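Input: a single structure, listed below in structure tokens.
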Amino acid sequence: MTVNKKLFEQCKKRDGRAQRELYDLFKARLMGLCRRYTKDRDDAQDLLQDTFIKIFSRIDQVSSEEKLEGWMLSVAVNTAIDFYRQKKRNEVFVSSTTDHDVADTAYELILDNLTDEYLIQLVNELPDGCRVVFNLSIVEGYSHQEISKLLDVTESTSRSQLHYAKQLLKEKLSKVGIKHYEKYA
């Protein structure tokens with residue numbers, strides 16, 4: 001999605017109609033991102049609202065309309081991380097010093113073929129730490145080094161959380177079975 005220069009400039013001037021147009025243009029994509037980081041739709045909607053508040057209040061930081069979309073996605077991810085940190089106090093991280101970067105091709109293929117809604121449902125059932133690391137690593141493409149800085153955890157904890165998330169997802173998929181999966185594909 002590209003934003004034209006006029007819309008971008010009007011948003012920078014705090015024009016309500018332009019802001020509504022930008023919101024309508026990106027709400028579905030950003031809501032999808034917010035859903036991946038929260039357990040339920042209500043939290044995702046709160047996160048989306050917080051994201052757009054930050055976007056509209058800080059849009060002056062963006063130098064051009066070409067950079068706006070990437071910046072908006074970054075704002076959404078950082079808002080999700082802040083949301084996670086607020087809830088983190090209740091989360092117990094699974095800790096391990098073992099590296100778990102071995103990819104399971106069959107598992108990756110199954111995940112690639114799931115519908116978005118079903119995948120979100122499965123990911124939302126993960127413990128918070130696993131869910132956030134899974135999203136940052138697999139969905140957003142952050143490295144374990146970057147994740148460790150964002151979440152203030154060690155790289156081995158990030159790897160362990162990703163491994164545990166994949167393990168839990170594999171178990172959920174195996175329990176669901178092929179017949180159940182086919183109705184979502």
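The values are calculated or read from the model by the stated rules, or taken from the named source; none is laboratory data. Small disclaimer: the values here were computed from a predicted structure and weren't measured. Cβ placement follows ideal geometry from the backbone for every residue including glycine, while neighbour counts extend to all protein chains displayed. Areas reflect the complete protein model, heavy atoms only, side chains present, ligands, DNA and RNA absent. Shrake-Rupley method; radii C 1.70, N 1.55, O 1.52, S 1.80 Å.
Six or more apart or on different chains, Cβ under 8 Å: which pairs go from a residue in the stretch 134-152 that's closer than 16 Å to L122 by Cα and open to solvent by 60 Å² or more (accessible area, probe 1.4 Å) to one that's in a helix (DSSP H, G or I) and of a type in the set (D, E, K, R)? Could you list them?
V139/R36
Output the residues belonging to the stretch 1-58 that are over 17 Å from the mean Cα position of the chain (by Cα), touching a residue at least 60 places away in the same chain (Cβ under 8 Å) and open to solvent by 80 Å² or more (accessible area, probe 1.4 Å).
M1, T2, N4, K5
Has the stretch 116-139 got any residue that is modelled with pLDDT of 90 or more and of a type in the set (V, I, T)?
Yes, the stretch 116-139 has at least one match.
Considering only the stretch 80-96, I want to know if a residue exists there that is at pLDDT 90 or above, of a type in the set (G, A, S) and at negative phi.
Yes: one or more hits.
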